[in-house]
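The values are calculated or read from the model by the stated rules, or taken from the named source; none is laboratory data. Keep in mind the model is a prediction, meaning the values are calculated, not measured. Cβ placement follows ideal geometry from the backbone for every residue including glycine, while neighbour counts extend to all protein chains displayed. Just so you know, the surface numbers come from the protein's heavy atoms only, side chains and all, with ligands and any DNA or RNA stripped out. Shrake-Rupley method; radii C 1.70, N 1.55, O 1.52, S 1.80 Å.
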Amino acid sequence: QSEDRMCQVARGLTEKSSAQCHRVACQLGRELLLLESSDWQFLISTWSARDYAEARVALHSENFERLYAMFGRLEQDGSTGDADWKFLEQCEKSDKVFEELEPSLWLP
């Protein structure tokens, strides 16, 4: 479902999309890649740090869902609250990976 949503976000971005929409879309891509990391499944299946791996999967899934909702609000009426922007900043800082990631990678 998250992959499908990411593809939907990538298709929805246009040259007219705001910089804020693009920023949220980039973080959505990062969260999806972190969610899909094979390390988590490996750690879960081998019972090696299983609790940690399950917590990380849950965290990235929750982050993705919250950012996806934020993206929807931005697209719909161009607004979102301060709490959303603080959450986005927290996500961007906590896992500094794929800085040059572009949502267009999820286009067919």
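Applying the condition of being charged (D, E, K, R) and assigned to a helix (DSSP H, G or I) to the range 9-28 and asking which residue is surrounded by the most Cβ atoms within 10 Å (Cβ to Cβ) yields ARG23. Filtering GLU62, GLU31, GLU92 for residues that are loosely packed, with under 15 Cβ neighbours inside 10 Å, in contact (Cβ under 8 Å) with a residue 40 or more places away in the chain and assigned to a helix (DSSP H, G or I) leaves a single hit, GLU92.
Working only within the range 45-55, note down all residues that are open to solvent by 40 Å² or more (accessible area, probe 1.4 Å), in a helix (DSSP H, G or I) and of a type outside the set (Ser, Thr, Tyr). Residues satisfying the conditions are ARG50, ASP51, GLU54, ALA55. Residue by residue through the range 98-108, note down the ones that are of a type outside the set (Gly, Ala, Ser) and either open to solvent by less than 50 Å² (accessible area, probe 1.4 Å) or part of a helix (DSSP H, G or I) (or both). Selection gives LEU101, PRO103, LEU105, TRP106.
Counting only residues that are surrounded by 19 or more Cβ atoms within 10 Å (Cβ to Cβ) and in contact with a Ser or Thr (Cβ under 9 Å, 6 or more places away or on another chain), the range 34-44 holds 1 of them. Kindly provide the set of residues from the range 34-44 that are assigned to a loop (DSSP other than H, G, I, E, B) and hydroxyl-bearing (Ser, Thr, Tyr), ordered by number. If the condition is that a residue be assigned to a loop (DSSP other than H, G, I, E, B) and hydroxyl-bearing (Ser, Thr, Tyr), then SER37 is the only one that fits. Restricting attention to the range 65-89 and to residues that are open to solvent by less than 40 Å² (accessible area, probe 1.4 Å) and part of a loop (DSSP other than H, G, I, E, B), the residue that is farthest from GLU15 (Cα to Cα) turns out to be GLY81.
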